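Asker: Take a look at this one; I'll ask things after.
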Amino acid sequence: MHVVVIGAGIIGVTTAYYLRRHGLDVTVLERNAGVAQEASFANAGVVAPSYVAPWAQPGMPRKILAQLLRRDAAVSFRPTTDPAQWRWLQRFWRQCSGERFARNKARMQRLASYSRSLLHEAALHHGIDYERAPGYLQLFRSGDEFERHEPARQVLRDLGVSFRVLDPAQCRTLEPALAEAAPLAGGVHLPDDESGNCAYFARRLKELCEADGVRFRFGAAVSGLAVADGRIERIQTSGGATSADAYVLAAGCASTELLAGCGIEVPLYPVKGYSATVLISRLEHAPMISAMDESYKVAITRLGNRLRISGTAELGDRRLSLRPSALRTLMRVAQYWYPAAAAWGSAQYWVGARPMMPEGPPLLGRTPLANLYLNIGHGSTGWAMACGSGRIVADLLAGRSPAIDLDGLTLERYRT
């Protein structure tokens, strides 16, 4: 069976890897000049099954409205006349109840935990050093903020997730690089989570795929899917038409338009995020454990001799341009916790669009078209879910039963 994978971000590359391991003939089409060039390029690098959660959660609508006019807001909403934005927001609002948050978080954690085990398996098997840093630390600046986090901790307890609640002194014992002068109310340590270099892992996996016979066609933008008799007959690319036995759509934010062209509507919407990467200049002042500032939802990740500072969520502006106020927020947060760790003025900045589903979990597997499969909508957790998602889709195409329950991870969730 010949399978075409559309998209070569971390999701598309892992899908190709597992398809080939099942013995299928694989071609990957990518509009950019290489793998991991968009949302996978300079993301936070966090692989945190314990932490993954939908953005739709209790209190989030109020938080968005309260921060509407703040230039340093963690979540920025820019109203437009785009009907897709308002449809997405309406669905998002409906998912913000405690019951739906717990259900969606459980679905995401199930997939992310499975994915982490496969990531470790692949890295060990192929000897891939992806700059892994174990552990994840949530940092809370105020007591009120710490209190508001209690429902999320209860979800962790209910799911049997390992974590420790820390007071300020314990946080600083665990991570001595934290600035003594920075006000700190407490933290939550997630010892089983980690961070690592997503783009590097994607490049290494691409090399392994090519060595095993997978073909990558770069600069091949897919402009349409031609449907006949309930199947994809061919796809149109910038280099001409291509046909295969089956297709996997893993094109991130570009997936929505391609699906709409063949009659499949999905509520996927781009949410912009930013990152900064800077060389560590003083090792003794740099963190060893990746951390999340819960006030600003900014992640600070250790990647070898560099720090990656990532965050903000901007809904409504599709232009991939750097917003100075968002970058200042990233730098301010990093320097709040680790002021002497790096020459902050030398940071390199990036902006990308996360393909977000309003509920949180991605969409995997079959579609109403017999030979079209989905691997889309991972939002800000694509790296955490990539290996698991790729393996699940490959299993389905190869006629195998996936290793985890797919409840809530497929298009079926919109039929109930």
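The values are calculated or read from the model by the stated rules, or taken from the named source; none is laboratory data. Predicted model, so just to flag it, every value in this text is computed and none were measured. Glycine also receives a Cβ, built like all others from the backbone with ideal geometry; neighbour counts cover every protein chain displayed. Each accessible area value is taken on the protein alone, full model and side chains, heavy atoms only, with ligands, DNA and RNA left out. Shrake-Rupley method; radii C 1.70, N 1.55, O 1.52, S 1.80 Å.
Asker: In nm, to one decimal, how far is the S142 label point from the A370 one, both placed 7 Å along Cα→Cβ?
Answerer: Taking the simple label geometry, S142 and A370 are separated by 5.9 nm.
Asker: Full extension from R157 to E265: what is 0.36 nm times the residue separation minus their Cα-Cα distance, to one decimal in nm?
Answerer: On the way: separation 108, 0.36 × 108 = 38.88 nm, distance 3.61 nm.
Extra length available between R157 and E265 comes to 35.3 nm.
Asker: Give the ranking of Y200, Y338 by solvent-accessible surface, highest area first, calculated with a 1.4 Å probe. Intermediate values should be presented prior to the final figure.
Answerer: Details: Y200 80, Y338 5 Å².
From most accessible down to least: Y200, Y338.
Asker: For segment 41-147, what does the relative contact order come out to in percent, with C-alpha contacts under 8 Å and a separation of six or more? Before the final figure, lay out the partial values.
Answerer: Working: 57 pairs, mean separation 39.7, N = 107.
With pairs under 8 Å counted, the relative contact order is 37 percent.
Asker: Using a probe of 1.4 angstrom, how much of the accessible area of the chain is carbon and sulfur, in percent? Intermediate values should be presented prior to the final figure.
Answerer: Details: 8630 of 16920 Å².
For the chain, the apolar C and S fraction of the accessible surface comes to 51 percent.
Asker: With a 1.4 Å probe and all protein chains in place, put F41, F218, F92 in order of accessible area, largest first. Walk me through the numbers before you get to the answer.
Answerer: Working: F41 90, F218 70, F92 10 Å².
In descending accessible area the options line up as F41, F218, F92.
Asker: Then there's this: Can you give me the distance in nm between label points at Q335 and T173, each placed 7 Å from the Cα along the Cα-to-Cβ direction?
Answerer: Here the answer is 3.2 nm between the modelled labels.
Asker: Using DSSP to define loop residues, name the GluC sites (Glu not before Pro) in segment 242-348 whose beta-carbon has at most 14 other beta-carbon atoms within 10 Å.
Answerer: Details: sites: E257, E265, E284, E294, E314; in loops: E265, E294.
Those satisfying the criteria are E265.
Asker: Zone of R415 (label point 7 Å along Cα→Cβ, backbone N under 16 Å): which residues in segment 245-285?
Answerer: Flagged as within label range: 264-266.
Asker: Further, regarding this structure: Run the numbers for S117 and A403: contour at 0.36 nm per residue of separation, minus the present Cα-Cα distance, in nm.
Answerer: Fully extending the segment from S117 to A403 adds 101.8 nm.
Asker: Using only Cα atoms, find the angle between the long axis of helix 83-94 and the longest principal axis of the chain, and express it within 0 to 90 degrees, rounded to the nearest 10.
Answerer: Approximately 60 degrees, to the nearest 10.
Asker: Let me ask you something else. What number comes out for accessible area per residue over the chain if the probe is 1.4 Å? Units Å², please. Intermediate values should be presented prior to the final figure.
Answerer: On the way: 16920 Å² over 416 residues.
In whole numbers, the chain has 41 Å² accessible per residue.
Asker: Tilt of helix 324-337 relative to the longest C-alpha principal axis of the chain, in degrees (0 to 90, nearest 10)?
Answerer: For 324-337 against the chain, the angle is about 50 degrees.
Asker: I would also like to ask the following. Heads up, I need the accessible area for S243: 1.4 angstrom probe, whole protein in place, Å², nearest 10.
Answerer: Around 70 Å² of this residue is reachable by solvent.
Asker: Using DSSP, restrict attention to beta bridges with both residues in the chain and report what percent are antiparallel, rounded to the nearest 5.
Answerer: On the way: 53 of 76 bridges.
Taking every DSSP beta bridge with both residues in the chain, the antiparallel ones total about 70 percent.
Asker: How far is helix 382-397 tilted off the main Cα axis of the chain, in degrees rounded to 10, range 0 to 90?
Answerer: 20 degrees
Asker: May I ask you to rank T173, T14 by accessible area, largest first, using a 1.4 Å probe over the protein chains only? Display every interim value, and only then the final one.
Answerer: On the way: T173 110, T14 0 Å².
The residues order as T173, T14, largest area first.
Asker: Remind me, relative contact order of segment 282-416 in percent, using alpha carbon pairs under 8 angstrom and six or more residues apart? Walk me through the numbers on the way to the answer.
Answerer: On the way: 147 pairs, mean separation 23.1, N = 135.
Contact order relative to length: 17 percent.
Asker: Can you list which of the GluC sites (Glu not before Pro) found in segment 125-229 are DSSP loop residues with at most 10 other C-beta atoms within 10 Å?
Answerer: Working: sites: E131, E145, E147, E180, E194, E207, E210; in loops: E131, E180.
Filter output for segment 125-229: E180.
Asker: So how exposed is R366, as accessible area in Å² (1.4 Å probe, rounded to 10)?
Answerer: In the full protein context, R366 sits at about 140 Å².
Asker: Return the label of the correct value of P(r) over Cα pairs in 20 Å bins from 0, in percent, as calculated from the structure shown, out of (i) 26, 55, 17, 1, 0; (ii) 28, 59, 13, 0; (iii) 19, 36, 29, 12, 4, 0.
Answerer: (ii)
Asker: Say the dipole of the chain comes from +1 at the beta carbon of Lys and Arg and -1 at that of Asp and Glu; which of V75, A16, A42 then lies farthest toward its positive end?
Answerer: V75
Asker: Related question: Rounded to the nearest 10 Å², what accessible area does Y114 have for a 1.4 Å probe in the complete protein model?
Answerer: 30 Å²
Asker: Also: Less than 18 Å apart at the alpha-carbon level, and either on another chain or at least 8 residues along: which lysines does that give for K105?
Answerer: Correct list for K105: K297.
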